[in-house]
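Asks: The structure is given below, and queries will be raised subsequently.
No lab work stands behind these numbers, since they all come straight from the coordinates. Treat the numbers as computed from the prediction; the structure is a model and nothing was measured. Methodologically, a virtual Cβ is constructed for each residue, glycine included, from the backbone with ideal geometry; neighbour enumeration extends over all protein chains shown.
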Amino acid sequence: MLFSTDPAACLPVVRTRWQGIEVLNYSPLIYAYGRHDIAVTGRGVLDARSDTAHWWPWKGSGQYGWKPGMPNERADWATLEQWGAQGVPVSDRVLGTGHFLRPSFVQPYACENVLIEGVTLRNSPFWNIHPVLSRNITVRDVRIECEGPNSDGCDPDSCENVTIERVTFATHDDCIAIKSGRDEDGRRVGVPSRRIRIQDCVYLSGGAAVAIGSEMSGGVSDVVARRLHLPFDPDLGEASVASVLNVKSTPTRGGYVRDVRVTDVDAPAWTYVPFEVTFQYAGGTGGEQPAEVSRLSAERWSVGGHCEYPVRVRGLPEAPVSGVRLDRLTFDGAAQDMLLRSVTDLSVRRMTVNGRSVDGSA
């Protein structure tokens, strides 16, 4: 199935979220609002046909076909951030015609009992599968292929009871990114993402296999990911997936991340930092309001390729990361030792870095 690349085909505007802020914008290519018991299934290909001539240039990057004088998203994104910070009513946040915020590919919004199974998604304008404020979501036996900008694979956003299994990701941005709204607007809505189950997925390329954030102001809890495979793909050269788990926030984002467990990881390919927690992610508005990050667990990882740091956790003195459990992790090609800042209640057991045993607690 080939989708139109004409922005007018995505009108009239609908209620959606764009990078964590509610807005009336171009409709996602496959969209449902307030529905239940719905599905997108089959063994075919859904091709949005985005490329350096359609949708992607709106990013404003020459890498994706933009040239000076062409329109881009920067002014609209700045306006939307301001609307969110000022609490402008969502009904007044109207973009669409004459504006340049790209739509997601598949988005159930405020839906319940949703199945996405069997299909291949290609060349999305923006995020691929983006359920928002929805419950009971299953994404199964799907393949996602997109090298465009912000090509996240599957982003549950303020969602509850989500299963992502046997999905293959070949993306340019995060493969799975769990979100719950951004800054003041995310806190206004105040709906967390919770009870997320990820298993038996394959990650060929992308940012993080499992990211949490950076838009997580409504909170994220009870995430379990297991049996993740990051193979080395000779067609992609050395580049593969930058992180296995990346919890990312800013000092202004607020919210929380609690009870995250990632087990049984096989990663022979290159990774940049397999286990990462940072408050230094770019962007954000509002006063100082760091997130609470606690109870993160990693067990039985085999990371065979090169990495910069095996584990890097950079908390803040006023918001330390607490309750980190690392057990039976092996890193064979780390350029540096672990980097830990502002971490409390740390447990390291049966961990090996470059053949050297690392154990201890703090």
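Asks: Does segment 74-121 come out rounded, prolate or oblate, given a ≥ b ≥ c as the square roots of the eigenvalues of its C-alpha gyration tensor, rounded meaning a/c under 1.5 and, failing that, prolate meaning a/b above b/c?
Replies: Cα axes put segment 74-121 in the prolate bin.
Asks: On to the next question. Divide by every residue of the chain the summed helix terms, -39500 (n - 2.57) for each DSSP H run of at least 4, and state the resulting mean residue ellipticity at 222 nm, rounded to the nearest 500 deg cm²/dmol.
Replies: Helices in the chain give a 222 nm mean residue ellipticity of -1500 deg cm²/dmol.
Asks: Per q in 0.09, 0.14 Å⁻¹, report the Debye log10 I(q)/I(0) for segment 186-302, using one uniform scatterer on each alpha carbon and no solvent.
Replies: -0.25, -0.59
Asks: I've got another one for you. Please enumerate, by chain and number, the aspartates and glutamates with C-alpha under 17 Å from the C-alpha of Lys59, excluding those fewer than 8 residues away in the same chain.
Replies: Asp6, Asp51, Glu73, Asp76, Glu81, Glu147, Asp152, Asp173, Asp174
Asks: Turning to a different aspect of this structure: Which cross-chain or sequence-distant (5 or more) residues have an amide H under 5 Å from the amide H of Gly333, H modelled 1.01 Å from N in plane?
Replies: For Gly333, whose amide H was placed from the backbone, the distant partners under 5 Å are Cys307, Asn354.
Asks: For the ranges 335-346, 247-258, 167-178, what's the packing order if you count other beta-carbon atoms within 10 Å of each residue, average per peptide, and put the highest first?
Replies: Working: 335-346: 15.2, 247-258: 23.8, 167-178: 25.4.
Result, highest mean Cβ count within 10 Å first: 167-178, 247-258, 335-346.
Asks: Between Phe232 and Ala85, what is the FRET efficiency for a Förster distance of 35 Å, r being their Cβ-Cβ separation, to the nearest 0.05?
Replies: On the way: r = 43 Å, r/R0 = 1.24.
Computed FRET efficiency for Phe232 and Ala85 comes out at 0.20.
Asks: Let me ask another. Treating only the Cβ of Lys, Arg, Asp and Glu as charged (+1, +1, -1, -1), what charge dipole size does segment 1-147 show about its Cα centre? Round to the nearest 20 debye.
Replies: Working: 14 positive and 14 negative charges, 12 e Å.
Charge dipole, segment 1-147, about its Cα centre: 60 debye, nearest 20.
Asks: Follow-up. Mind giving me the FRET efficiency for Asp37 and Asn354? R0 is 56 Å, r the Cβ-Cβ distance, nearest 0.05 is fine.
Replies: That gives a FRET efficiency of 0.60.
Asks: OK, next. On average, how much area does the Cα convex hull of the chain cover when viewed from any direction, in nm²?
Replies: 16.6 nm²
Asks: Mind jotting down the distance between the C-alpha centroids of segment 133-201 and segment 14-28, whole Å?
Replies: Measuring centre to centre over Cα atoms gives 16 Å.
Asks: Let me ask another. Taking Rh as the Kirkwood radius computed over C-alpha pairs, what is the Stokes-Einstein D of segment 293-362 at 37 °C in a medium of viscosity 0.692 mPa s, expressed in µm² per second?
Replies: Answer from the Stokes-Einstein relation: 268 µm²/s.
Asks: Hey, another quick one. Tell me, what HN-Hα J-couplings in whole Hz come from the Karplus equation 6.51 cos²θ - 1.76 cosθ + 1.60 at θ = phi - 60° for each residue of segment 142-152, using x for Gly and Pro?
Replies: Each residue's phi maps through the Karplus curve to give 10, 10, 10, 10, 6, 9, x, x, 6, 8, 3 Hz.
Asks: For Arg74 and Asp51, FRET efficiency with R0 = 25 Å and r from the beta-carbon atoms, rounded to 0.05?
Replies: Rounded to the nearest 0.05, the efficiency is 0.75.
Asks: Please give every one of the lysines within straight-line cross-link reach of Lys179, meaning a C-alpha to C-alpha distance under 17 Å, and leave out same-chain neighbours fewer than 8 residues apart.
Replies: Qualifying lysines at Cα under 17 Å: Lys248.
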